[in-house]
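Working notes for the structure below.
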Amino acid sequence: MKKTKKLIICILVSIVVVLIGALFSPTWTASIEGENSISVLEQLEVNGSNHEVLIRGNNTDNPVILFVHGGPGSSEIPYASQYQDLLEQDFTVVQYDQRASGKSYHFTEDYSNLSTDLLVEDLLAMSDYISKRLNKEKIILIGHSAGTYIATQAAYQSPEKYEAYIGIGQMSDTIESELESLAFCIDQAEKEGNMEDVTYLQGLDEDIKNGDTVTPRNYVMKYGGTSRLIENPDGNSLNNFLSKEYNLLDVIRYNYGISYSQKMMLPDLLKKPLPNIVTKLELPVYFVMGKHDYHTTYSTAKKYLDTLNAEQKEFITFEKSAHYPQFEEKEKFYEWMSTTFTQ
């Protein structure tokens, strides 16, 4: 009996030790060879809040890309490096966890003032920091998914900071996009004979029309509107934990942050659509869209760009992709970026 008790105690102690190790294990980003290369993962204070920043590139003389992740609250740092290796050859790539997202979520910080407007302010301050640190007059701004809601407004407010704005999975008329997404899921469910899904999804119509909810992302993913050529990288706690850049504490931060960020900011995304906020951009504008995107739908993004007042604008279609063309067809995305900005 005593031996059994000792064994149980030893097992429990071992579990506690492993958990503590996992919670606080060091995080890092892989080094890049080269005299002028950069590979940094660090916290820095921007606009009054500590932000986690990942900077990677073969040569700091190259043009700089600043990525704005989606969600709200869905950090891309845990998996970005596996998809941006080609970009790092010709660009210095900066990823950051937005305020209250991922490694930038701090349990002791008051986020009661969290808003899309505040994240725009953070982005403008981050842009100034990155430009100064990497000695660039202008940088390339890329928003992805809900990040386009923040990045489009930053490009509108301070176009002089940016060489160009690129919207991937660009947000537009949110309710129109969500209704199209809902219709897609219902159509696919009917084709597959999933009548239980059809009934449930049809019941969401009025709430979506009223701007009270979105088409459930698990259904969009189930029916192929999220990604086609890769597994959906967002929200995968195990993969996040297994990345070099995140430990178990960071995964916990991520899950707290995404829940809080979506509660605080989804009303803005639903009730204040971008076409009502930004009608003109005074810099080159590119929308990069997967043909099969039903998170932020292809057709509503195209309609938004058609109405957007910009001297130079272009809509780029990735035929095989859904919501993640920069990852699903990373070779094509790299070729387009290099041709557009380095030649």
- Message: For the structure I just gave you, tell me whether Y294 is touching an Asp or Glu at 6+ places or on another chain (Cβ under 6 Å), among the hydroxyl-bearing types (S, T, Y) and in contact (Cβ under 8 Å) with a residue 60 or more places away in the chain.
- Response: no
- Restricted to the stretch 26-41, and to residues that are assigned to a strand (DSSP E or B) and closer than 23 Å to V251 by Cα, which residue is nearest to the chain's Cα centre (by Cα)? L41
- Task: Identify the residue in the stretch 230-257 that is under 20 Å from Q84 (Cα atoms) and of a type in the set (G, A, S) and, among all such residues, is modelled with the lowest pLDDT.
- Result: G235
- Message: Being among the hydrophobic types (A, V, I, L, M, F, W, C), surrounded by 21 or more Cβ atoms within 10 Å (Cβ to Cβ) and over 27 Å from E319 (Cα atoms) is the filter here; which residues of the stretch 242-277 pass it?
- Response: V251, I258, M265
- Message: For the stretch 126-166, give me each residue that is among the small types (G, A, S) and assigned to a strand (DSSP E or B).
- Response: G143, A164
- Message: So, in the stretch 324-343, how many residues would count as being out of contact with any Leu (no Cβ under 8 Å at 6 or more places or on another chain) and more than 17 Å from Q170 (Cβ to Cβ)?
- Response: 7
- Query: Which is touching a residue at least 12 places away in the same chain (Cβ under 8 Å) and farther than 19 Å from L54 by Cα, of G167, G143, G147?
  - Reply: G167
- Residue that is farthest from M171 (Cα to Cα) [pool: residues in the stretch 200-216 that are touching a helix residue (DSSP H, G or I) at 6+ places or on another chain (Cβ under 9 Å) and not in a loop (DSSP other than H, G, I, E, B)]: Y200
- Looking at (1) out of contact with any Pro (no Cβ under 6 Å at 6 or more places or on another chain); (2) crowded, with 21+ Cβ neighbours inside 10 Å; (3) aliphatic (A, V, I, L, M), which is the one condition that is false for L204? (2)
- Query: Of all residues in the stretch 290-343, how many are within 22 Å of Y219 (Cβ to Cβ), out of contact with any Pro (no Cβ under 8 Å at 6 or more places or on another chain) and of a type in the set (F, W, Y)?
  - Reply: 2
- Quick one: in the stretch 177-201, which of the residues that are of a type in the set (G, A, S) and buried (at least 18 other Cβ atoms within 10 Å of the Cβ) is nearest to K271 (Cα to Cα)? S177
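The values are calculated or read from the model by the stated rules, or taken from the named source; none is laboratory data. Fair warning: this is a prediction, and the values are worked out from it, not measured in the lab. Here the Cβ is made from the backbone with ideal geometry for all residues, glycine too, and neighbour counts use every protein chain on show.
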